[in-house]
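Notes follow the structure.
The values are calculated or read from the model by the stated rules, or taken from the named source; none is laboratory data. Bear in mind the structure is a predicted one, so any value in this text is a computation, not a measurement. Here the Cβ positions follow ideal geometry from the backbone for every residue, glycine too, while neighbour counts run over all protein chains shown. To get the accessible areas, we keep the full protein, side chains included, count just its heavy atoms, and leave off ligands, DNA and RNA. Shrake-Rupley method; radii C 1.70, N 1.55, O 1.52, S 1.80 Å.
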Amino acid sequence: MDERQAGMATTTHNSISGNAVINGSVAMVGRVENMSMTLTAPDMTPRQMPAPVKTFVNRSSELERLRSVAEALRDSREPGVVVLSGLGGVGKTQLVAQWVARALAPDYPGGHLYVDLDGGRRDGGADVEGALAGCLRALGVHRDFLPNGLGERAGMFRSHTSERGDVLVVVDNARQAAEVRPFIPSRGLLVVTSRTGLPALAVDGAVPITVDPLDERAGVELLRRWRAAGADDAAQTLVRLCSGLPLALHALGVWLMERSHLSLDDAVNVLGGTGVPPGEDGTTSVKTVLDMAYDVLPDHAKELYRLLGCLPGTTVTGGLAAAAGVPAVEDAVGKLLTAHLMVSVPSPARPRRFRPHDAVREHARQTALRLPEADRRALLRAVSDFYLAAASHADVLVLGPLRLRLQPSPTRSLDELSPGERLFTDSAEALEWLDAERVNLLALLRTAADERWDDIVWQLCESLWALFDGRKHHGDSIEAHALGIEAAGRCGRADAEVRMRNQLARAHYGLGAYGEARQALDPAEQLLDEITDARLRGMVRETQGLIALALGAHDDAHTLFTEALDANSAVLEANSAARDVHGVVVQTYNIGQALLAAGRPDEALDVLGDARATAAGEGDHGMLPRIDIVRAQALRLLDRPQAASEVAIRAAEQANERGQYARLDRALGILSELAASTSDTELRAACDAKLRELHRSAGVQSGDD
């Protein structure tokens, strides 16, 4: 439970009696008005579409069709949907990129958003919720104000796209209509690319456009970009052998550039002349061309290509490639990008990420399967070790070095993990890195569980708590910790299993599934007697207390939080090396919340005062706004409006200073309510104005509101 929930039952219908005016109102108004907002609204309109390539041959009819359809839809003043369908590698994404590059900015002043669903796809399902979060962030919504759940994020997306000029949204690599609909803007156009026509989108008014392979004339024109000389009939044959797919022709072009002594007739002979019949989707001929493109790569680029085929996830970074033993990584990346075998993935988080082209991914996997089994497992183990160490470093940066961790510290520093490009430098970047790698980390967990690399599974789960809890990925957390529990059990690590069960329970708690949270914790009770570290017992009692508090069992919550505090205090007294003053502060704060919820604000105030003093003395400044928000609620119940307002404004100042914008929102809201209850119109107006400024900067309110 957080400070919003604490005491909800006792404060909802209470107000400060009378019309007393808060003393020092003028000074408080000045403090609110002079609060310099550390959060500033982005001043850049998103233009996210990948850049067009120069080797693009004239698709005049397709471009004209796309232009005319978009123009007709725009004239209708209703949001439009266009579906571009065609084979993998036929050039759908580049067609859109070329269209966007031809002076579309004036037509879509609200911006261009780009989503590649394959970048976050696992087990066939797309991470639509995560992709919507990326769109909302691009539209200026601060992460503290992102709602949880697909429905709420889709609703916010519709609201945002109704308040700005027309928006162009491009969703690449869609497989189902359901994963596309949340991206339909309230104003503007959604362009979808897919290997199928997605006929179910017809009910949304979608206009289908088929992108066919290049005809011989256009294919020859593209091929001539690499080899101007040669007989036309040989060039035409090569286009047919490549099934007119630009991806295959690009790969063939790179192969020709590397073999300047060969003629086009020689290339036809290598491909097998007219004896290589294309499959129904062009895969037979494309495979042959991709084999040729792979064969011409230098050894270090081949190693990177095989790594792409071994990855459990979807993307690779330079640091990961180096950790997996790929030499000359930068050059290898350049070779695969030049050959159009790999594409760059747009991401606000560093480092740079790459993935195989969607039409290349299966070929890379088949190529990797030709490696000896021991070599493939060694590659996969190197990937696992890299992510385990990187996630551990991220966890320490996000949650601090004093958090209880059962796993050993990583043996490699961040500089050693990624010498060419540092993964992250501070807690904010570390959390962004974890979020950007979320799909890869979850895929790795599943693969490690299949391989029975149990230590990697539970240790990675332990580190990912920083991500799952910090970004409220509760569904992912439930899946991951189910694997972690099994892995810890197979290892015979009772302590790790308790931690896994506790974190699983917190994920259910975050979703409001309190019965499931209790069920996740029940087996942990039987394991606590096997564990010597009392902090684990304290963690379990804390979670049990939060569940009890959420269910209104205030006395039970108080008892459980007290037991959690006793466990943390005992460890603190017995072992200074296991120093966890933060745990003491949190449990004292929780006891204060339970007392307040039970209608005992005077006792709550005393306990919260102790928590605040300890936090301030130990430099645990991140807890101060949380504590003061609940203190302000207690003072309000005690009919002490001046003191409550002073505490609330201090909480607001501290939250603003530390970038805790959701808590800044809450503290200013409490101060505004206090001003209203005492008829202090000037203070209330100042608070409401600052709240509007915060909401505009956080992207959750328009400038006209």
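Considering region 355-408 alone, what residues qualify as being of a type in the set (D, E, K, R), surrounded by fewer than 20 Cβ atoms within 10 Å (Cβ to Cβ), within 26 Å of the chain's Cα centre (by Cα) and not in a loop (DSSP other than H, G, I, E, B)?
ARG361, GLU362, ARG365, ARG381, ASP385
VAL90 - would you say it is in a loop (DSSP other than H, G, I, E, B), closer than 15 Å to THR193 by Cβ and not small (Gly, Ala, Ser)?
Taking the combined requirement at face value, the residue satisfies it.
Which residue pairs have Cβ atoms closer than 6 Å, lie 6 or more positions apart in sequence or on different chains, and pair a first residue in region 87-98 that is at positive phi with a second residue that is assigned to a helix (DSSP H, G or I) and aliphatic (A, V, I, L, M)?
GLY89/LEU247
Limited to region 128-146, what total is found for residues that are part of a loop (DSSP other than H, G, I, E, B) and either closer than 25 Å to PHE354 by Cα or open to solvent by less than 20 Å² (accessible area, probe 1.4 Å) (or both)?
The number of residues fulfilling the criteria is 3.
Name the residue, out of ARG506, ARG600, that is open to solvent by 10 Å² or more (accessible area, probe 1.4 Å) and either under 35 Å from the mean Cα position of the chain (by Cα) or on the phi > 0 side of the Ramachandran plot (or both).
Residue meeting the stated conditions: ARG506.
Considering only region 519-528, I want to know if a residue exists there that is among the aliphatic types (A, V, I, L, M), closer than 20 Å to ILE485 by Cα, more than 32 Å from the chain's Cα centre (by Cα) and open to solvent by 10 Å² or more (accessible area, probe 1.4 Å).
For region 519-528, residues among the aliphatic types (A, V, I, L, M), closer than 20 Å to ILE485 by Cα, more than 32 Å from the chain's Cα centre (by Cα) and open to solvent by 10 Å² or more (accessible area, probe 1.4 Å): present.
Looking at GLY89, GLY149, GLY111, GLY125 in this structure, which one is buried (at least 16 other Cβ atoms within 10 Å of the Cβ) and either under 22 Å from MET342 (Cβ atoms) or modelled with pLDDT under 90 (or both)?
GLY89
Which of the residues spanning region 61-79 are open to solvent by 80 Å² or more (accessible area, probe 1.4 Å) and either in contact (Cβ under 8 Å) with a residue 40 or more places away in the chain or of a type in the set (A, V, I, L, M, F, W, C) (or both)?
Residues satisfying the conditions are ARG65, GLU78.
Just checking, how many residues over region 672-690 are in contact with a Ser or Thr (Cβ under 7 Å, 6 or more places away or on another chain) and under 30 Å from ALA133 (Cα atoms)?
Within region 672-690, residues that are in contact with a Ser or Thr (Cβ under 7 Å, 6 or more places away or on another chain) and under 30 Å from ALA133 (Cα atoms) number 2.
Quickly run through region 666-705 and pick out the residues that are of a type outside the set (A, V, I, L, M), more than 18 Å from GLU163 (Cα to Cα), touching a residue at least 60 places away in the same chain (Cβ under 8 Å) and open to solvent by less than 40 Å² (accessible area, probe 1.4 Å).
SER677, THR678, ASP680, CYS687, LYS690
Quick check on my filter: what residues within region 614-628 are surrounded by fewer than 18 Cβ atoms within 10 Å (Cβ to Cβ) and in a helix (DSSP H, G or I)?
Residues satisfying the conditions are ALA616, GLY617, GLU618, HIS621, GLY622.
Residues that are buried (at least 21 other Cβ atoms within 10 Å of the Cβ), polar (S, T, N, Q) and more than 25 Å from VAL329 (Cα to Cα): does region 420-438 have at least one?
Among the residues of region 420-438, not one is buried (at least 21 other Cβ atoms within 10 Å of the Cβ), polar (S, T, N, Q) and more than 25 Å from VAL329 (Cα to Cα), which makes the answer no.
For ALA567, state whether it is under 27 Å from GLY475 (Cα atoms), small (Gly, Ala, Ser), in contact with a helix residue (DSSP H, G or I) (Cβ under 8 Å, 6 or more places away or on another chain) and part of a helix (DSSP H, G or I).
The answer is no for ALA567.
Kindly list, by first and then second residue, each pair from a residue in region 36-60 that is closer than 30 Å to GLY244 by Cβ to a residue that is part of a loop (DSSP other than H, G, I, E, B) and modelled with pLDDT under 85, limited to pairs with Cβ atoms under 7 Å and residues at least 6 apart or on different chains.
GLN48/PRO346; PRO50/PRO346; THR55/ARG225
Identify, by number, the condition in (1) at pLDDT 95 or above; (2) surrounded by fewer than 19 Cβ atoms within 10 Å (Cβ to Cβ); (3) over 27 Å from THR40 (Cβ atoms) that ARG631 doesn't meet.
(2)
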